[in-house]
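Quick notes on the structure that follows.
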Amino acid sequence: MKYIDKNRLKYFVLGGGSNILLGFNKYKGAVVYMQTKGVEIVEDTPEYETIECAAGVDWDEFVEYTVERGLGGIENMSLIPGTVGASPIQNIGAYGQELKDSFESAKVYLTEEKKTVILKRDECNFDYRDSIFKRELKGKSIIVSVSLKLKRIQN
Ligand SMILES: Cc1cc2nc3c(=O)[nH]c(=O)nc-3n(C[C@H](O)[C@H](O)[C@H](O)COP(=O)(O)OP(=O)(O)OC[C@H]3O[C@@H](n4cnc5c(N)ncnc54)[C@H](O)[C@@H]3O)c2cc1C
C-alpha cells in the first residue's frame, strides 16, 4: 500500500477471484492479491476456541482445519470457494450457517486513514449477504485477518 500511495495508483483487492467477473476493458492499476497465510489460536477454553486467520488463507482449508480440531460453527460452509479475508464482505452462508454467527472481529486496514483497526461483529452491520464492507467501507478497506469464535464439539 505504501508503493500504491507513493505512485498514486488505482488498486483492486483480489482474494480467490471466485466472485469477480473481468470486463473486456484493460484494467490499468495495481492488484493487491491477498496471499497472507497463518492461523493463531487466540483463546482456548473447554467450551470454545477463538481463532484468528490471515486473509489469504483458503476458506475451505480453514473450515477443514476447524473441523479437525473438533470445532463447530462453520462446517456447513465447507467448499464455498474463496479466501477467509473475503468471507465477511458478503457474510457468506450456506445450509443454515452464516459467517456472522461465529464472527468475533476482523483486523481491517483503512486505506484513507492509513491505519489498522479491529472491527467487532456489532460494528460490521452484517445482514443477509451484506456487511459494512459492501457499503460504507467499500473501496476503503482491506481485511487483513478474521477472528472466529467456534464451539468445541469434540475433544
Ligand atoms: C461455485 C460458487 C459457489 C459459491 N457458493 C457460495 C455459497 O454457498 N455461499 C456464499 O455466501 N457465497 C458463495 N459463493 C460466492 C463466493 O464464494 C464468495 O463471495 C467468496 O467470499 C468470495 O471469495 P474470494 O476470495 O474469491 O473473493 P474475490 O472474488 O476475490 O473478491 C470478491 C470481492 O471482495 C473483495 N475482497 C476480497 N478479499 C478482500 C480483502 N481481504 N479485503 C477487502 N476486500 C476484499 C474484492 O475486491 C471483491 O470486491 C460461491 C461462488 C461460486 C463461484
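The values are calculated or read from the model by the stated rules, or taken from the named source; none is laboratory data. Just so it is clear, the model here is predicted, and its values are computed rather than measured. Here the Cβ is made from the backbone with ideal geometry for all residues, glycine too, and neighbour counts use every protein chain on show.
So which of V146, V117 ends up being within 14 Å of the ligand (Cβ to nearest atom), touching a Pro at 6+ places or on another chain (Cβ under 9 Å) and at pLDDT 95 or above? Walk me through how you get there before you give the answer.
Working: V117 fails: touching a Pro at 6+ places or on another chain (Cβ under 9 Å).
Result of the check over V146, V117: V146.
Look at T50 and say whether it is in contact with a Leu (Cβ under 8 Å, 6 or more places away or on another chain), in contact (Cβ under 8 Å) with a residue 12 or more places away in the chain and closer than 30 Å to M1 by Cα. The answer is yes for T50.
Quick one: which strands (runs of 3 or more DSSP E) sit completely within the stretch 78-155 and have at least 2 residues that are surrounded by 18 or more Cβ atoms within 10 Å (Cβ to Cβ)? Don't jump to the end; show me each part of the working.
Details: elements: 103-110, 115-120, 141-152.
Strands (runs of 3 or more DSSP E) meeting the threshold: 103-110, 141-152.
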